[in-house]
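Down below is the structure, laid out as structure tokens.
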Amino acid sequence: MGLTIAEKIIKAHIVSGEMKRGSEIALKIDQTLTQDATGTMAYIEFEAIGIPRVKTELSVAYIDHNTLQSGFENADDHRYIQSVAKKYGIRFSRPGNGICHQVHLERFGKPGKTLIGSDSHTPTGGGIGMLAMGAGGMDVAVAMGGGAYYITMPKMYKVNLTGRLPEWVSAKDVSLEILRILSVKGGVGAIIEWGGEGVKTLSVPERATITNMGTELGATTSVFPSDEITREFLRAQGREEDYVPLESDEDAVYDRVIDIDLSSLNPLLACPHSPDNIKSAKELSDVAVDQVCIGSCTNSSLRDMLRVAAILKGKKIADSVSLSVSPGSKQVLSMLADCGALSDILASGARVLECACGPCIGMGFSPNSAGVSLRTFNRNFEGRSGTRDAEVYLVSPELAAASALTGHITDPRTLGKYPEITMPESFKTDDSAVIMPAAEKDAESLGILRGPNIKSFPETSPLPDTLEANLTLKVGDNITTDHIMPAGAKILPYRSNIPKLSEFCFEVCDETFPERAKAAKNTFIVGGSNYGQGSSREHAALVPLYLGVRAVIAKSFARIHAANLINAGIIPLTFENPDDYDRLSRDDSLVLENVKASLDSGKFTLYDKTSGEKLTLVGEFTKRQKEMLLAGGLLPYTKKS
């Protein structure tokens, strides 16, 4: 039996376990990346482990999220990360060098390698044939120390592409089409491989857009073959020596196969407030637009920017529209300036923002109240833009530019002739904004620079045999990590200060939760299906840990968040009967007894002292996960090991 692309990479990196669907496997990790919103905590955890030097082939610390420096907090975090990187053997990508996924694709990613990053859109690397996965900061810290990364062996899905994209239809529309087919839960537990003859018509930046958006399916990761198009991209970056051919075997076995004819696709949008709420541009042509944002790790490549510049050239945006453009990297911005495309963008009335995530995480350029914002980003969760009542749509760069010109949602095909762009044969390479670490012999004498906003890792405690706590919060389906631990300019500067950050926990759902949880000291949370979807931010587990959450009970969990809960020593449990969700109410007094025996059996009995009812919960954990929970989380488990 043949192997898929992902199975070939897994086979080359597996250090324990068997490649059997649903079983736990451990993988050797070649590369790691962090960004500054999650990186500070990841490096605090790495320091706590006590290993003097990273053991990966390559680790890079990017500054691309918290670049708005309205106080000392973000600047102090950047200084801390830079000092850690220099001491421990990590490359440091300065603020302004670009968004981690765009820069990593350009300068560091290698086909056939494993990569984990403390950002959920790390699967962008699958666009050049990497097995690239988002993970919690603690998992990244362990991998930097030479430890394995543990996942459940995923199912294998294949998307067979045929045909060629029509004019004015782009890779973003492919991403939205697969979200329409599968939903935000449809990829859970699976790796999605893209293949078929249609793959040969897609450039690496287009492939990277698709693998980036695969995160929104809940997939473990997405991957494309490494072929001559990959080689051409790496050659243009001056890195042809990194090329390795990689494709699936003809007799590879997939758990599901989906066929998409590229030539049949139309311009699409994801409507508020979910990436899978898909409609066509034609259906929404009467919707007036207040704001348009072009960029993010999904659509900020040189290819995307040149297309936007060509659409805007010689035209003015509508008076009613505010347009921002964020190039994905210093390389992209510099090349736009050199060829004159940047002038075309500026002349249209657009505002050019720095090479950073920015508006995607609510870090500036928030919409007006109740405003309609079209964004080439990957998420449109309620409140994520920084404006609670904004209506955010996810769109392609072509649709975004067309709508900025007209002032309403516009099918870009109505603009007429599709503008031609010419991609350069070679890219401008300048890695001067990547600071190399100190030599190992010089590192011991180096100190770490900590600001007053940087606090220690929250305290953990071993798991007791009886857990008794009130149900302090009950929430519904598709609760995202943005619900649990919001982003935005007001909150992100406190990512290295868990006590302060805790004041904002679940503020979108219930502003009283932090105060009530602190008063309760020990507490349970109940959620619906797909609890914890979205970002890999481990703060959505660390802040609940700080607030005394001992268990989260849900109908189902998103993969990364469930792992982060276990890493924090919080038990993620599911209802054996999903209808039992309706039998629990906020403020019920709950008891989990015989916890240690239940860890072995996988069945837990929850006694509701308030109603007198008993419910059966399920928690299937590996031997390692049980030991982690009993120790109080991954950090004490790792130090003990």
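The values are calculated or read from the model by the stated rules, or taken from the named source; none is laboratory data. Just so you know, these numbers come straight off a predicted model, no measurement behind them. Ideal geometry is used to build each Cβ from the backbone, glycine not excepted, and the neighbour counts take in all protein chains shown.
Just checking, how many residues over the stretch 329-344 are buried (at least 24 other Cβ atoms within 10 Å of the Cβ) and either within 17 Å of VAL292 (Cβ to Cβ) or not assigned by TED's automatic domain parsing to the domain that holds CYS293 (or both)?
0
Mind listing whichever residues of the stretch 9-37 are over 24 Å from the mean Cα position of the chain (by Cα) and crowded, with 17+ Cβ neighbours inside 10 Å?
Result: GLY17, single match.
For (1) surrounded by 15 or more Cβ atoms within 10 Å (Cβ to Cβ); (2) of a type in the set (Val, Ile, Thr); (3) at pLDDT below 95; (4) over 30 Å from TYR62 (Cβ atoms), each residue gets a yes or a no:
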| site | (1), (2), (3), (4) |
| --- | --- |
| GLU241 | no, no, no, no |
| SER248 | yes, no, no, yes |
| ASP259 | no, no, no, yes |
| LEU284 | yes, no, no, yes |
| VAL292 | yes, yes, no, no |
| ARG303 | yes, no, no, no |
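Is it the case, given these coordinates, that LYS155 is surrounded by fewer than 24 Cβ atoms within 10 Å (Cβ to Cβ) and among the basic types (Lys, Arg)?
yes
Right, ILE99: buried (at least 24 other Cβ atoms within 10 Å of the Cβ), closer than 21 Å to GLN237 by Cβ and more than 16 Å from the chain's Cα centre (by Cα) or not?
So ILE99 fails the test.
Limited to the stretch 242-274, what total is found for residues that are out of contact with any Ser or Thr (no Cβ under 8 Å at 6 or more places or on another chain), within 14 Å of ARG180 (Cα to Cα) and either free of Cβ contacts under 8 Å to residues at least 24 places away in the same chain or among the hydrophobic types (A, V, I, L, M, F, W, C) (or both)?
Of the residues in that region, 4 qualify.
For SER120, are the conditions met, namely being crowded, with 24+ Cβ neighbours inside 10 Å, in contact (Cβ under 8 Å) with a residue 24 or more places away in the chain and among the polar types (S, T, N, Q)?
yes
Would it be correct to say that GLY238 is under 26 Å from the mean Cα position of the chain (by Cα), touching a residue at least 12 places away in the same chain (Cβ under 8 Å) and at positive phi?
So GLY238 fails the test.
Of the residues that make up the stretch 570-585, is at least one surrounded by fewer than 22 Cβ atoms within 10 Å (Cβ to Cβ), part of a loop (DSSP other than H, G, I, E, B) and at positive phi?
Scanning the stretch 570-585, I find no residue that is surrounded by fewer than 22 Cβ atoms within 10 Å (Cβ to Cβ), part of a loop (DSSP other than H, G, I, E, B) and at positive phi, so the answer is no.
Each row is one residue, and each column tells you yes or no for (1) part of a loop (DSSP other than H, G, I, E, B); (2) under 28 Å from the mean Cα position of the chain (by Cα); (3) modelled with pLDDT of 95 or more.
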{"residue": "THR422", "(1), (2), (3)": "yes, no, no"}
{"residue": "PHE427", "(1), (2), (3)": "yes, yes, yes"}
{"residue": "SER432", "(1), (2), (3)": "yes, yes, yes"}
{"residue": "SER445", "(1), (2), (3)": "yes, no, no"}
{"residue": "ASN453", "(1), (2), (3)": "yes, yes, no"}
{"residue": "GLU459", "(1), (2), (3)": "yes, yes, no"}
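How many residues, within the stretch 503-549, are surrounded by fewer than 24 Cβ atoms within 10 Å (Cβ to Cβ) and among the polar types (S, T, N, Q)?
Result for the stretch 503-549: 5.
Counting only residues that are closer than 24 Å to THR298 by Cβ, in contact with a Pro (Cβ under 6 Å, 6 or more places away or on another chain) and among the aliphatic types (A, V, I, L, M), how many does the stretch 206-255 have?
Final tally of qualifying residues: 1.
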